[in-house]
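Following: one structure in structure tokens, then a few remarks.
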Amino acid sequence: MAQISTYFALAGIALVYAMPANALEGNVDAGKKVFNKCAICHGIGDKTKPIAPNLNNVIGRTAGTEPEFLAKGGSGYSKAMIAAGEAGLVWTDDEILDWITNPKKKIPGTKMVFPGLPKEQERADVLAYIKTFSTPQ
């Protein structure tokens, strides 16, 4: 019996260490409210904005490749964002969380002027909201 208890204890510890550091549970409703900060420039769902790329289906998208925004040429994506995509940056949950923490640190030279969301819970909530507009990959 002691061996079984030890096994489950070790398995539990392994699970804790295997969980990503950003494993906060996001709240979609709270994320919708926080997303208002993003919605100044970004469209999502049936809303479009001319200032920044639409975030529908952003999960799994290569950075700098949203077709309508890419078509804007020099008034669209920054050279830095296009280069990040060409270097292999794909918008995963972790990459988006890192991006919305501090965009200018994540991709120096980005045109995005938003300073980021300093609160981890707000980032998790916004990600949960954005994910409702992305088809699973």
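Just so you know, all these numbers are worked out from the coordinates, no wet-lab data involved. None of these values were measured; they are calculated from a predicted model. Counting neighbours? That spans all protein chains shown, and the Cβs are built from the backbone with ideal geometry, glycine included.
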Looking at G45, G60, G85 in this structure, which one is touching a residue at least 40 places away in the same chain (Cβ under 8 Å) and in contact with a strand residue (DSSP E or B) (Cβ under 8 Å, 6 or more places away or on another chain)? G60
Only helices (runs of 4 or more DSSP H) wholly contained in the range 36-112 count here; list those with 2 or more residues that are aliphatic (A, V, I, L, M) and surrounded by fewer than 18 Cβ atoms within 10 Å (Cβ to Cβ). 79-86
Condition test on K131, is it within 18 Å of I51 (Cβ to Cβ) and surrounded by 15 or more Cβ atoms within 10 Å (Cβ to Cβ)? no
